[in-house]
Number of protein chains: 2
Amino acid sequence: MSANQKKPLILITNDDGVEAKGLKALIEAVRPLGKVLVVAPAEPQSGMSHAITVKVPLRISKITHEKNLTIYKCYGTPVDCVKMAFNHLLKEKPDILLSGINHGSNASTSVFYSGTMGAALEGCINDIPSIGYSLLNLDHDADFTAAKYYADIITRKVLKNGLPKTICLNVNIPDMEQAKIAGIKICRQNKGYWREEFDKRIDPAGKHYYWLTGYFHNTEPEATDTDEWALSNQYVSIVPLHTDLTCRDTMKTLNSWNFE
Amino acid sequence: MSANQKKPLILITNDDGVEAKGLKALIEAVRPLGKVLVVAPAEPQSGMSHAITVKVPLRISKITHEKNLTIYKCYGTPVDCVKMAFNHLLKEKPDILLSGINHGSNASTSVFYSGTMGAALEGCINDIPSIGYSLLNLDHDADFTAAKYYADIITRKVLKNGLPKTICLNVNIPDMEQAKIAGIKICRQNKGYWREEFDKRIDPAGKHYYWLTGYFHNTEPEATDTDEWALSNQYVSIVPLHTDLTCRDTMKTLNSWNFE
């Protein structure tokens, strides 16, 4: 980088909260690439999807201020953090938004429940090149070595090439040593759904309560061009996502219905 | 309907909570069409998107049981309600899932923040024909007369014709007398984003807090095939949504990058 070039402004958030090892891993991976602003949830926000806080006010406080690294914690959702950064903290748009590294997969339809991907999608709605990173390991002390390696490669590539308007990337990294990873695959989102099994219990007052548990059901296990396939075959998966949910084929079908 | 035909099973939820006028309007509109099971949030859940509850357990209780109408309230998000119905309360799949009628618009990119549409998208991930209904009036005492009329028409059409696999409908109804509504338009999702303006205040302890406020910025005001256009021109808008977020054009672009 020449002295004349301005360092890119990198906005980072996550859904596991400001204390998460995955967030620290992402900061370490990309700190050499630019000026880093972190706005992360004060508390874990897994499963918060694209939720915003409307019933209670938000609070935010600066917890770190070093050369090229400022960290805020925000008492809100991942999307609240992004909105706080875009509309309150920053005078200019960031060059890139990174979310993660999530502890656990966000492949296939998990993208809908994920706070990590909610933040990345919020970035792309606002036309900021955005990437969500997830490692296939839920453990709070997971090993992020390989994930950091790929976060560096992919972030540098997007900083250099940009992304088309209102596109973000859903990057998932298999849980294995870097040397065993087969490389990067560009994929489509696998089809499937979560089959929930509610764990029913009785509280000390004799009332029922339920824990949400479940497993992912892959409805196209034979497909070889999806993120689930890539991850099962030791690849890092990248799915480019857009925010236009319209199904144009179904528009034609509906136009043939006589509603009145 | 002949005596041999089984009444369709209609699952209803919303995000404004079990006490909302819009929920009652939807129940009234479609109760003549089948057997109705309502599983609605015990408390308002606006802005909860596709969030699920993972940090605390869920509770659910039956509050109404009449002929062809059973109502549960669930202490969780709209998507929790749908998961409870699919995986815990029901032995068989419902014939249709209806969400709403929401107090306020869910057109354009508001679909990402909406708990109403989170529930409808959860239905379509599970391959149940699903419809989210929203009226363009935020008032708790809004007039749902026209919205009920269109909810009846559109629900009957979908019960008769079905929907393609993993498709749901985002239906928005303008806030006006039924006689003034120009009809139904099949649309694509408008592009745009919310520009937030945080309302900064000071609490009694002298600390800052922020209320999230904002307005929708339409980035394609000239378009005439979108839901925003339809609603501005007195039409009920129907946007068919799918749950595959993959942008296939960008897959080609990314495949031309040399990542290693």
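Pairs please, first residue from region A:234-260 and more than 7 Å from every other protein chain (Cβ to nearest Cβ), second anywhere and hydrophobic (A, V, I, L, M, F, W, C) and exposed (fewer than 13 other Cβ atoms within 10 Å of the Cβ), Cβ atoms under 6 Å, 6+ apart in sequence or on different chains.
Listed pairs, sorted by first residue: A:Gln234/A:Ala182; A:Tyr235/A:Ala182.
Name the strands (runs of 3 or more DSSP E) wholly inside region B:154-225 in which the number of residues that are without any contact (Cβ under 8 Å) to a residue 24 or more places away in the chain is 3 or more. Show your work before the answer.
Working: elements: B:167-173, B:183-186, B:192-196, B:199-202, B:208-211, B:214-218.
Answer list for region B:154-225: B:199-202, B:208-211.
Select, from B:Asp127, B:Asp139, B:Asp143, B:Asp80, the only residue that is closer than 24 Å to A:Ile52 by Cβ and part of a loop (DSSP other than H, G, I, E, B).
B:Asp139
Would you be able to say whether some residue in region A:14-35 is in a strand (DSSP E or B) and either within 14 Å of chain B (Cβ to nearest Cβ) or under 17 Å from the mean Cα position of the chain (by Cα) (or both)? Explain how you work it out, then say what you get.
The first filter runs over region A:14-35 and keeps only residues in a strand (DSSP E or B), leaving A:35.
Adding the requirement that they be either within 14 Å of chain B (Cβ to nearest Cβ) or under 17 Å from the mean Cα position of the chain (by Cα) (or both) leaves none.
No - not one qualifying residue is present in region A:14-35.
Picking from B:Lys91, B:Lys160, B:Lys83, which residue would you name as being of a type outside the set (Ser, Thr, Tyr), surrounded by 23 or more Cβ atoms within 10 Å (Cβ to Cβ) and more than 14 Å from the chain's Cα centre (by Cα)? Give the steps one after another, and end with the answer.
On the way: B:Lys91 fails: surrounded by 23 or more Cβ atoms within 10 Å (Cβ to Cβ); B:Lys160 fails: surrounded by 23 or more Cβ atoms within 10 Å (Cβ to Cβ).
Of the residues listed, the single one that is of a type outside the set (Ser, Thr, Tyr), surrounded by 23 or more Cβ atoms within 10 Å (Cβ to Cβ) and more than 14 Å from the chain's Cα centre (by Cα) is B:Lys83.
Could you list, in sequence order, all residues of region A:214-249 that are out of contact with any Pro (no Cβ under 9 Å at 6 or more places or on another chain), of a type in the set (D, E, K, R) and surrounded by fewer than 19 Cβ atoms within 10 Å (Cβ to Cβ)?
Result: A:Glu220, A:Glu222, A:Asp225, A:Asp244.
Hey, can you tell me all the residues within region B:189-207 that are more than 14 Å from B:Pro221 (Cα to Cα) and either in contact with a strand residue (DSSP E or B) (Cβ under 8 Å, 6 or more places away or on another chain) or at pLDDT 95 or above (or both)? Before the answer, list the steps.
Here is the first cut: in region B:189-207, the residues more than 14 Å from B:Pro221 (Cα to Cα) are B:194-207.
Those that are more than 14 Å from B:Pro221 (Cα to Cα) and either in contact with a strand residue (DSSP E or B) (Cβ under 8 Å, 6 or more places away or on another chain) or at pLDDT 95 or above (or both): B:Trp194, B:Arg195, B:Glu196, B:Glu197, B:Phe198, B:Asp199, B:Lys200, B:Arg201, B:Ile202, B:Asp203.
Between a first residue in region A:14-30 that is touching a residue at least 12 places away in the same chain (Cβ under 8 Å) and buried (at least 22 other Cβ atoms within 10 Å of the Cβ) and a second residue that is among the charged types (D, E, K, R) and not in a helix (DSSP H, G or I), which pairs have beta carbons less than 6 Å apart while being 6 or more apart in sequence or on different chains?
Every condition considered, the pairs that remain are A:Val18/A:Lys73; A:Gly22/A:Asp16.
Across region A:112-126, which residue is surrounded by the fewest Cβ atoms within 10 Å (Cβ to Cβ) among those that are aliphatic (A, V, I, L, M) and closer than 15 Å to A:Ile101 by Cβ?
At the first step, the residues of region A:112-126 found to be aliphatic (A, V, I, L, M) are A:117, A:119-121, A:125.
Among the residues that remain, those that are also closer than 15 Å to A:Ile101 by Cβ are: A:117, A:119-120.
On the way: A:Met117: 28, A:Ala119: 35, A:Ala120: 31.
Among those residues, the one meeting the criterion is A:Met117.
Taking only pairs six or more apart or across chains, which ones have beta-carbon atoms under 6 Å, a first residue in region A:69-89 that is more than 11 Å from chain B (Cβ to nearest Cβ), and a second residue that is surrounded by fewer than 21 Cβ atoms within 10 Å (Cβ to Cβ) and of a type in the set (D, E, K, R)?
Close Cβ pairs (under 6 Å, with a partner that is surrounded by fewer than 21 Cβ atoms within 10 Å (Cβ to Cβ) and of a type in the set (D, E, K, R)) amount to A:Tyr72/A:Lys62.
The values are calculated or read from the model by the stated rules, or taken from the named source; none is laboratory data. In this text the structure is predicted, and so the values were computed from the model without any measurement. Glycine gets a Cβ as well: all are built from the backbone with ideal geometry, and neighbour counts include every protein chain shown.
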